[in-house]
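For reference, the structure discussed in these notes is given below.
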Amino acid sequence: MELGASVVENLCLAGDTAHIPDKCFDQLARKACRGVLSETDRNAIADDPSFKAVDKAVLKAAYSGVVALVLEAVKHDADANGISHFLEECKFTPDRIQSFNNIFLTQKPSMQILLGSVGSCRPHIVDVDWRLDYYIKSNHMERINEAVYLISLKTEVPGQTELQEVQFSCSLEQLQDLVGKLKDATKCLEKQAQS
Amino acid sequence: MEEVDRIIIHSLRSIGCDIDEEVHNLRQFNTDLIVSAAVQCIKFINNDADLPNTLPPGMSARFRMGASLANYVQDMGYRGGDLGYQTFLYSNEAEIRKIFMFLVEKLPKDTSQVADEPMGSSVMLHRAISTELGAQLALPWVPTFLKDRGLRNRTKQPGWHREGTSCMHRYHACHVAVPRDVASLTVKLPKEQRQYYGKQLAFLTSQTQCHADTAPSVLEMTAAEVARQQEWETEWNQSGLTSRLSQKDYKARKMSKIQKMLTDRLKQDAKQRDGGSTMDSLRDLQQVMASISQNARGGTKTKGSRFAHTEKLLYGKDEEKTMAQIGAAVPSKDTEEETQRKREEEQQQLREELTQLLSQIDQLELDMRKMTASRQQMDEAVSSAAQQRQDKEEAFQVKKRTLDLLPDAHNNIQKLQGVVDGSAQRLLSLAAQWEKHRAPLIDQFRTLRELSSQRESEAQRQLEEMKTFRSKMKEVADEARQKEDLQKQLQMEYERMTKDVNRTAYTRKIMEIVANIKKQKQEIDRILIETKSIQKEINSLSGKLDRTFTVTDEQIFRDAKRDESVKKAYRFLAALHENCEQLTKTVEETGVILREIRDLEDQIETESHKKVLANLEKITEDYQQMKKENATLMAKLKQK
């Protein structure tokens with residue numbers, strides 16, 4: 001896990017007892033995690049009374065260092081050992097390392113979920129409705145008598161809470177074709193899962 | 001033997017044989033145990049061997065089972081001797097040991113194959129992918145509204161995996177600003193910047209417009225910084241060090257190079273776009289003419305501006321472009337002819353003026369050139385005249401002095417001679433002094449030059465060394481990382497492996513046995529050498545004996561014809577020789593007999609291990625039983 005020089009500098013600032021006293025450090029770490037996770041707590045650190053004694057520029061620098069560390073650690077799925085090792089290089093005292101690990105590791109799963117939800121994807125099919133219609137006749141032909149399937153695929157689109165639908169109609173052979181392709185796909189997946 | 005037995009018993013227990021806790025060596029195995037253990041082994045190795053697990057009670061069934069066991073073991077490739085039902089039913093410890101060692105050796109190959117797979121990282125990745133896919137495929141379908149924001153919980157390692165996509169955001173990173181050098185002791189932050197950091201700059205998590213962009217932006221910022229650092233390091237290592245400038249100078253030079261390149265390109269493009277350098281000069285000329293015309297014509301400002309426009313019309317190479325540039329100054333249709341006429345008149349006038357002025361300028365230029373050329377000539381003439389005057393003055397001085405000296409010619413000639421000699425001497429001494437000074441200075445110069453070239457080559461060498469050190473450092477770091485990864489993998493494997501077989505004890509014993517065998521081999525070699533030397537001695541001594549005996553025999557025989565006492569001596573000699581021969585023969589025979597005794601003792605021991613008597617008794621018993629069974633079967637048959 002590598003971080004750039006300015007981030008390391010800000011982290012050293014955060015670990016320095018002269019600039020950030022011990023009581024404030026826990027609060028800083030907690031606010032950093034909450035600030036990343038929840039939208040309402042984005043700016044919660046600005047109004048926190050326990051940081052009155054700290055110089056604002058120093059506080060901002062330390063906060064950005066901690067936020068960057070937290071996100072990188074989640075990205076690399078670092079465990080307590082890796083983080084302790086890194087923080088020792090940034091000249092943190094063992095107490096601070098311990099308290100940081102405690103706070104961070106409890107929030108790590110939710111942050112992993114947050115990072116996992118970043119990405120773009122096509123609409124995701126979750127459900128399907130189908131209906132079999134019988135095409136009796138039209139204005140061009142007197143007698144047609146064919147079966148027609150109406151398929152409606154329900155998809156999840158990122159950003160929308162309601163399911164969107166993709167509707168199409170197909171004949172029996174086309175539907176058999178589609179189902180055959182789906183079966184091939186499942187067989188391929190199962191083969192991958194076995195090997 | 002104890003060790004071997006323990007290993008065999010342990011392996012048999014591990015495949016599921018039910019062996020008592022008190023059984024510690026193969027001698028304590030009875031026939032049932034032997035048979036059931038062998039059947040288990042065979043079933044483990046070869047799954048479709050249909051043998052009953054225990055020895056059946058009937059004698060003929062037992063006989064058949066023993067025979068089939070023997071067949072199976074021989075089919076598997078046992079080469080230790082003939083097998084038959086007797087090896088299993090009437091067992092002999094050594095043979096049983098061999099058979100079990102063979103079977104146990106055949107066993108572990110099935111279980112150790114699993115641990116021998118390659119542990120490359122791509123293989124591990126594939127395995128992780130397939131386990132994850134298998135786990136996800138095994139879960140039943142759940143409708144969307146039952147998944148918590150698209151996540152499903154499960155008990156395996158991460159505790160969740162994502163199935164729905166409605167809560168996903170696309171990756172969008174914005175620029176975020178972070179305070180730098182706030183508490184740095186080397187860089188002084190200007191007061192305004194510190195104020196900005198303190199009052200205006202927002203906290204990092206509130207800087208992006210949309211909160212979902214915070215994580216991507218911060219990740220991108222850190223990654224960009226790391227990438228920039230690495231790039232700078234590689235560039236500095238490759239070309240920065242060889243240029244031998246400090247970091248600041250190198251960066252300044254690079255910046256100036258890039259700026260120069262930019263300005264050159266911009267100038268080139270500007271020239272290309274405006275159609276050549278004539279336009280620039282024409283524009284300048286046009287400005288000059290505009291100012292001249294303004295000064296000359298006073299209040300004709302509008303004409304001046306139109307003059308500027310018409311200049312463009314006249315001299316623009318691309319008339320459409322210039323028309324487009326003028327744009328709004330398109331004349332209306334009514335006055336077009338008038339303006340056209342006016343324009344043509346003006347054009348004519350201006351052309352005439354222009355040609356006049358141009359010719360004047362040319363004339364003036366020509367004059368100027370002539371003037372400068374003539375001035376140069378004058379200067380040269382002046383300087384040459386001054387030189388001549390100087391020479392003439394000197395010649396005059398010399399002549400005047402000689403004239404003065406002429407009256408007292410002789411003395412003066414001598415004085416002059418003396419002066420000339422003295423000056424010649426002075427010249428010589430000065431030349432010698434100069435030589436004296438020159439030599440050490442030249443030496444100094446040479447040594448300094450050598451020093452500087454040495455220093456250059458030293459610097460080159462040190463650069464090379466630094467490069468090799470850096471590459472070595474990288475290699476060592478890579479190796480260390482690889483070894484750490486390997487160690488982690490092996491640690492995991494070691495934890496996975498079973499620990500009930502004490503490998504260190506076995507390896508120690510094996511090493512001890514090997515050392516023992518080496519010692520024994522050395523002893524044997526020594527003894528062989530001793531034996532050989534003794535044999536050689538014996539041979540040489542017997543040869544000597546024969547020779548001396550024949551010689552003495554002849555001699556005494558010759559003398560014996562004459563003398564009586566010599567005949568007695570001869571008879572004594574013959575008797576002595578015979579007795580000694582007998583002695584040696586008996587010594588040899590005792591040696592042979594001792595060896596035979598030893599062999600026979602060994603044979604007795606091996607035979608006593610075979611338990612022949614006990615087996616014979618068992619065989620006779622079983623034989624009786626078989627007879628009885630046969631009799632009963634015959635009776636049954638007869639009854640039917």
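How many partner chain Cβ atoms sit within 10 Å of a residue's Cβ in peptide B:224-235, on average, as a whole number? Walk me through the numbers before you get to the answer.
Values: counts 1, 8, 7, 1, 2, 5, 2, 0, 0, 0, 0, 0.
Going residue by residue through B:224-235 and averaging, the value is 2.
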Enumerate the amide H contacts of residue A:135 below 5 Å, restricted to partners 5 or more residues apart or on another chain; note that Pro and chain-start residues carry no placed amide H.
A:146, A:147, A:148
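Using a cut-off of 12 Å between beta-carbons, work out the net charge of the residues near residue B:538 (Lys and Arg +1, Asp and Glu -1, residue B:538 not included).
Numbers: positive: B:532, B:536, B:544; negative: B:537, B:588.
Computed value for this residue: +1.
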Once exposed loop GluC sites (Glu not before Pro) are cut out (DSSP; at most 13 other Cβ, 10 Å), longest piece of chain B:
B:23-640
Taking placed amide H atoms and a strict 5 Å upper bound, the residues 5 or more places from residue B:170 or on another chain that come that close are A:119
Gain on full stretching of the segment that runs from residue B:508 to residue B:255 - 0.36 nm per residue minus C-alpha separation:
84.2 nm
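Over region A:5-117, calculate the relative contact order: mean separation of alpha carbon pairs under 8 Å at least 6 apart, over the residue count, as a percent. Please list the in-between numbers first.
Working: 98 pairs, mean separation 43.6, N = 113.
Computed over region A:5-117, the figure is 39 percent.
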Mind listing the long-range amide H neighbours of residue B:160? Cut-off is under 5 Å, sequence gap 5 or more, other chains count too, H placed in the peptide plane at 1.01 Å from N.
B:154
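I need the peptides A:177-185, B:70-78 ranked by packing, meaning the mean over residues of other C-beta atoms within 10 angstrom, with the highest value on top. Can you show the working numbers first?
On the way: A:177-185: 10.7, B:70-78: 15.4.
Top of the packing list down: B:70-78, A:177-185.
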Pop out the ³J(HN,Hα) list for region A:15-28 in order, Karplus 6.51 cos²θ - 1.76 cosθ + 1.60 with θ = phi - 60°, rounded to Hz; leave Gly and Pro as x.
x, 7, 5, 5, 8, 10, x, 4, 4, 6, 5, 4, 4, 4
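Only helical DSSP H runs with n ≥ 4 go in: add -39500 (n - 2.57) per run for chain B, normalise by residue count and round the 222 nm mean residue ellipticity to 500 deg cm²/dmol. It would help to have the intermediate numbers written out before the result.
Numbers: 18 runs with 475 residues, N = 640.
Using -39500 (n - 2.57) per qualifying helix, the result is -26500 deg cm²/dmol.
Fewest first, what order do A:134, B:171 take by the number of other Cβ atoms within 10 Å?
Working: A:134 9, B:171 15.
Ranking A:134, B:171 by Cβ neighbours within 10 Å, fewest first, gives A:134, B:171.
What number, in percent, do you get for the relative contact order of region B:2-106 if the mean sequence gap of Cα pairs under 8 Å and at least 6 apart is divided by its residue count? Walk me through the numbers on the way to the answer.
On the way: 96 pairs, mean separation 30.2, N = 105.
Averaging sequence separation for qualifying contacts and normalising by length gives 29 percent for region B:2-106.
Per-residue ellipticity at 222 nm for chain A, helices alone: DSSP H runs ≥ 4 residues times -39500 (n - 2.57), over residue total, nearest 500 deg cm²/dmol? Please report the intermediate quantities before stating the final value.
Numbers: 6 runs with 103 residues, N = 195.
Calculated mean residue ellipticity at 222 nm is -17500 deg cm²/dmol.
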Please turn the phi angles of region B:168-180 into ³J(HN,Hα) values with the Karplus equation 6.51 cos²θ - 1.76 cosθ + 1.60 (θ = phi - 60°), one per residue in order, whole Hz, x for glycine and proline.
8, 10, 7, 7, 9, 10, 10, 6, 10, 10, 10, x, 10
Give the shape of chain B as rounded, prolate or oblate, defined through the alpha-carbon gyration tensor: a ≥ b ≥ c are the square roots of its eigenvalues, a/c under 1.5 means rounded, and otherwise the shape is prolate if a/b is larger than b/c and oblate if not.
oblate
From phi via Karplus (6.51, -1.76, 1.60), per-residue ³J(HN,Hα) for region B:24-30 in Hz, x at Gly/Pro:
10, 9, 5, 5, 7, 6, 9
Describe numerically, in nm with one decimal, the distance between label points set 7 Å from Cα along Cα→Cβ at residue B:612 and at residue A:164.
9.6 nm
Percent RCO, i.e. relative contact order, over chain B, from Cα pairs under 8 Å lying at least 6 residues apart
9 percent
Based on DSSP H assignment, which helices of chain B show an axial Cα extent of at least 18 Å together with a mean Kyte-Doolittle hydropathy greater than or equal to -1.0?
B:2-15, B:31-45, B:59-75, B:93-106, B:121-138, B:214-235, B:277-297, B:301-315, B:503-560, B:564-609, B:612-639
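What is the protein assembly as shown by shape, rounded, prolate or oblate, if you read a ≥ b ≥ c off the alpha carbon gyration tensor as root eigenvalues and call it rounded for a/c under 1.5, prolate for a/b larger than b/c, and oblate otherwise? If you can, show how the numbers build up before the last one.
Numbers: a/c = 3.17, a/b = 1.50, b/c = 2.11.
Oblate shape, in that a/c is at least 1.5 and b/c is the bigger or equal ratio.
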How far is the Cα center of region A:92-125 from the Cα center of region B:464-509, in Å?
31 Å
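None of the figures in this text is laboratory data; all of them are computed from the coordinates on show. Note that the structure is a prediction, hence the values are computed from the model and not measured. So basically every Cβ, Gly included, is an ideal-geometry build from the backbone, and we count neighbours across all protein chains shown.
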